[in-house]
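To start, the structure under review is shown below, and the notes come after it.
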Amino acid sequence: MTLIKEAAHELLVSPLHYTQNCDFPRPEEIRIYDTTLRDGEQMPGVAMAPADKYAIAVELSEIGCHIIDLGFPSSSPSEEATLKLVLEGKARGELREDLEILVMCRATQEDIDTTIRTVKGRGFSARDLTMLIFTASSPLHCKYKLGPTLLKREGYKQDEDAPLEFFHEANKRMISDAIRYARQSGICSIEFGAEDASRTPVPQLIDLVKTAVDAGAKRYTFADTTGSLTPEATAFYCHALTEQFPHIERASHFHNDFDLATANVITGLMNGFNIFSSTVNGIGERAGNAALHSVVTCLRYLYGIELPNFRYERLGRIKRTVEDLTGIPVQAQEPVIGFNVYSHESGIHTHGVSIARCMYEPIPFAEVGGTARMIYGKHSGAHGIRQALLRHEAEIDAPMDGEFILQLLKEVKSLRESRIATRHTAAHIEQYYENLQSLGISEEDLVLMAKQLASRRARVHAVGAD
């Protein structure tokens with residue numbers, strides 16, 4: 001590799017030249033709120049056993065996340081078992097002492113009671129976790145999803161057509177009652193969240209958050225449930241919420257439907273939100289969530305924000321762990337952690353990175369746990385072939401002259417062209433989609449299971465009749 005005489009800053013205009021005056025929280029105030037084990041697992045077809053979730057929790061602790069969301073202990077015995085493993089692991093010192101454990105509850109006494117019973121039944125205190133109590137906020141969700149529940153709570157008939165204001169006020173009463181009940185039951189750390197906040201009129205959202213804060217919530221998480229925010233809208237909402245609630249913690253929870261989740265997280269941090277939610281590999285519903293690797297590397301390399309005690313070099317490791325345990329591979333061109341991000345085939349590129357990797361790679365691969373690769377094919381050049389052979393000169397019994405290099409290059413290109421003709425790629429893609437389909441249970445599978453269950457029940461009923 002050619003030795004570059006000058007310092008990099010003498011040859012390149014750094015992105016920091018344009019971002020050094022951005023208004024961010026201090027690095028030590030920024031907190032990573034990981035929701036891989038809850039929102040990530042809600043990705044269609046993904047299901048993890050408690051032991052799998054615990055393995056990921058250990059890696060989240062080691063890499064430097066501050067908060068981990070374990071989901072709904074009230075939803076299944078498996079979720080209860082995960083909470084037990086995590087609390088016990090933390091007590092043994094396998095998870096960091098300062099790692100905040102968060103669980104979610106709907107705004108019902110039943111959910112709250114189940115969670116507290118699970119925690120106390122395992123010998124722990126309600127003080128050992130944070131409880132996120134959530135509802136929805138947009139008029140669409142309030143009237144047509146929460147509507148039947150709210151009508152019933154208020155003593156109305158299920159089919160009554162009440163005005164939108166009724167549902168908003170009933171929703172406020174429901175969330176206030178739930179938060180007060182959780183506090184009375186011994187939960188000291190309460191977070192409030194509302195689905196579809198990013199499509200809720202700001203005055204209505206502020207009114208709902210104020211109700212939750214007055215009832216005892218210490219943190220508010222602003223959710224862009226459908227990934228519909230632009231950076232401009234994010235700035236508007238986050239600035240308004242920061243002005244109204246400067247004395248409580250504020251977190252963002254952004255989805256990636258328009259591939260803007262990372263940009264929106266950065267915008268939120270610049271507008272008063274010092275906590276951001278993300279998932280490993282960006283997994284989650286639909287297009288996923290803000291991706292941990294994207295956010296932390298953007299902060300580091302584009303804005304100069306180095307998160308204290310975060311282990312960037314473990315991004316590659318945790319990526320593979322989550323891939324293995326979910327069955328969901330990261331796309332080859334995924335920023336930071338994709339297989340091809342530090343791979344080169346083009347002759348121009350291989351020549352450039354042989355001089356200095358920063359010529360085409362803005363992120364040093366070793367700093368994020370990546371692997372540098374050279375790929376050889378139809379776009380390769382003689383320089384790249386020569387460099388590779390020189391690395392293995394002792395193994396090859398031939399002179400490395402120009403004629404030899406050009407003949408080998410011709411054979412490399414010919415082999416790659418012949419592989420195009422075999423169309424193996426189509427089979428690989430078909431297998432990829434078959435694997436994705438097999439992770440979940442399709443509607444066809446569901447109907448078949450229903451038919452089999454109906455047949456078994458009919459046989460049992462016939463035997464009973466005899």
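Points worth noting:
Here is a yes/no grid of residues against (1) surrounded by 19 or more Cβ atoms within 10 Å (Cβ to Cβ); (2) in contact with a Cys (Cβ under 7 Å, 6 or more places away or on another chain):
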{"residue": "Gly123", "(1), (2)": "no, no"}
{"residue": "Glu165", "(1), (2)": "no, no"}
{"residue": "His168", "(1), (2)": "yes, yes"}
{"residue": "Ala178", "(1), (2)": "yes, no"}
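- Wholly within segment 1-83, helices (runs of 4 or more DSSP H) carrying at least 2 residues that are of a type in the set (Gly, Ala, Ser): 50-63
- Residues considered: Gly216, Gly193. Of these, the only one that is in contact with a Ser or Thr (Cβ under 6 Å, 6 or more places away or on another chain) and closer than 25 Å to Arg38 by Cα is Gly193.
- Every condition in (1) of a type outside the set (Phe, Trp, Tyr); (2) in a loop (DSSP other than H, G, I, E, B); (3) out of contact with any Phe, Trp or Tyr (no Cβ under 9 Å at 6 or more places or on another chain); (4) surrounded by fewer than 15 Cβ atoms within 10 Å (Cβ to Cβ) is met by Thr371 except one, and the failing one is (3).
- Residues (of a type in the set (S, T, N, Q) and modelled with pLDDT under 95) located in segment 43-77: Ser74, Ser75, Ser76
- Residue within segment 243-260 that is among the charged types (D, E, K, R) and touching a Phe, Trp or Tyr at 6+ places or on another chain (Cβ under 8 Å) present: yes
- Checking each residue in segment 234-263 for being out of contact with any Ser or Thr (no Cβ under 7 Å at 6 or more places or on another chain) and among the aliphatic types (A, V, I, L, M) picks out Ala240, Leu241, Ile248, Ala261, Ala263.
- The residues of segment 26-58 that are under 24 Å from Glu306 (Cβ atoms), surrounded by fewer than 21 Cβ atoms within 10 Å (Cβ to Cβ) and in contact (Cβ under 8 Å) with a residue 24 or more places away in the chain, listed by number, are Pro27, Glu28, Glu29, Arg31, Ile32, Val58.
Here's the yes/no breakdown for (1) over 22 Å from Ala47 (Cα atoms); (2) in contact with a Leu (Cβ under 6 Å, 6 or more places away or on another chain); (3) touching a residue at least 12 places away in the same chain (Cβ under 8 Å):
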position	(1), (2), (3)
Gly288	no, no, yes
Pro308	yes, no, yes
Tyr312	yes, no, yes
Thr321	no, no, yes
Val330	no, no, yes
Gln333	yes, no, no
Tyr342	yes, no, yes
His351	yes, no, yes
Ala372	yes, no, yes
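The values are calculated or read from the model by the stated rules, or taken from the named source; none is laboratory data. These figures come from a predicted structure and were not determined experimentally. Virtual Cβ from ideal backbone geometry, glycine too; neighbours counted across all protein chains shown.
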